[in-house]
């Protein structure tokens, strides 16, 4: 059984509030010891002095596109990009083609991930059949097959009665229901945040109320049903306030945001930059401030990439016609380090918790912790590593990132999945 010894790293484990220099011994696929200097021989020794060792990162909102759009991404390429980003587990959304609304779809993803994936892949099943918002999917059967949550993501359930039934049904299987909050009647034909910038650019706007109204509705339904509600990619100040109040009342609501919502504003659309086109759209500096405050006070539980790859041909067109969405697996960690940790919005431990322990807790996963006897999923970060983001930086099949040209700092240098080193020194390791 191979032994890997990680020495002299600053171990940050939010689960038990550890933040100190320790050695970690991995034996086979499990963590054997977390101790102060270990005098043990090992097959491989990793000197992590000056580095940060954390539980393997979890990205609970990712689009891997397979099956159906393998030209944009595959489970193989998406998990490769994730591994380079220090991510050891991803949760893939159900809006594939065909969508993941039955057991065979779940099994397809799991088998593909087992054969071709570099990291752990947890499927999310759809709420409704074919994502049509009309008839509930076979959640119970999919739960047994291995889904960790249900979501129709960008396919909105506008009918409140169906949404209520979905929450009640998901509750039966203890599944969180992940919702994209957007009133389609308000956002219809909109392509960016509604306001002065959209007016100047002559682009149809998506009012912030499109998100706020649906956040309020779904919180009300969660209160009615007692189900677990998880609100995806929060982008407005009002949403943060609504979620904070819901938590205060004891409603079972959690939420997430993405790096672009605490980094970029509608002004970044500039001269119709389609890599700044996503849903929800980029908002204002006031919203950024509220998102950061929500992260700091614990209202916002998780940070996700909402990795949504699109081909150049789908983005290099006029703004109105361009696809919504950006990639983000490989920039998730450095953006957290630069925008939140360096700027003292969050402590290092608080930031790591948003991408490890919190998503694991919401989804009922054992991941997200460094614990003796548990699977060795670890990420080693070099806080001083600085890289410029260019087209050649990405391992995703697509390059639709709004951060191209920007210099970032604090990258993963080693990714270990169940005791296997899959990436070391920014290079993939063949096993």
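The values are calculated or read from the model by the stated rules, or taken from the named source; none is laboratory data. The shown structure was predicted, so the numbers you read here are calculated from the model rather than taken from an experiment. FYI the Cβ positions are ideal-geometry reconstructions off the backbone, even for glycines, and counts take in every protein chain you see.
Quick look at the numbers
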item: Residues located in segment 123-174, provided they are in contact with a helix residue (DSSP H, G or I) (Cβ under 6 Å, 6 or more places away or on another chain), closer than 18 Å to residue 60 by Cα and surrounded by fewer than 14 Cβ atoms within 10 Å (Cβ to Cβ); result: none
item: Test: residue in segment 344-354 that is in the same structural domain as residue 174 (by TED's automatic domain parsing) and assigned to a strand (DSSP E or B); result: no
item: Counted residues, segment 270-293 - those being more than 22 Å from residue 329 (Cβ to Cβ) and surrounded by 23 or more Cβ atoms within 10 Å (Cβ to Cβ); result: 3
item: Given (1) out of contact with any helix residue (DSSP H, G or I) (no Cβ under 7 Å at 6 or more places or on another chain); (2) more than 30 Å from residue 253 (Cα to Cα); (3) outside the structural domain of residue 299 (by TED's automatic domain parsing), number of the condition residue 379 does not satisfy; result: (2)
item: Lone qualifier among 246, 290 - being part of a helix (DSSP H, G or I), touching a residue at least 24 places away in the same chain (Cβ under 8 Å) and in contact with a strand residue (DSSP E or B) (Cβ under 7 Å, 6 or more places away or on another chain); result: 246
item: Selection count, segment 81-106, where residues are outside any strand (DSSP E or B) and in contact with a strand residue (DSSP E or B) (Cβ under 7 Å, 6 or more places away or on another chain); result: 11
item: Every residue from segment 222-239 that is outside any helix (DSSP H, G or I) and over 19 Å from the mean Cα position of the chain (by Cα); result: 226, 227
item: Filter result for residue 364 (touching a strand residue (DSSP E or B) at 6+ places or on another chain (Cβ under 7 Å) and at positive phi); result: no
item: Residue 345, sole failed condition from (1) under 22 Å from residue 54 (Cα atoms); (2) in contact with a helix residue (DSSP H, G or I) (Cβ under 6 Å, 6 or more places away or on another chain); (3) surrounded by fewer than 16 Cβ atoms within 10 Å (Cβ to Cβ); result: (3)
item: Meets criteria (closer than 21 Å to residue 155 by Cβ, assigned by TED's automatic domain parsing to the domain that holds residue 258 and assigned to a helix (DSSP H, G or I)) for residue 109; result: yes
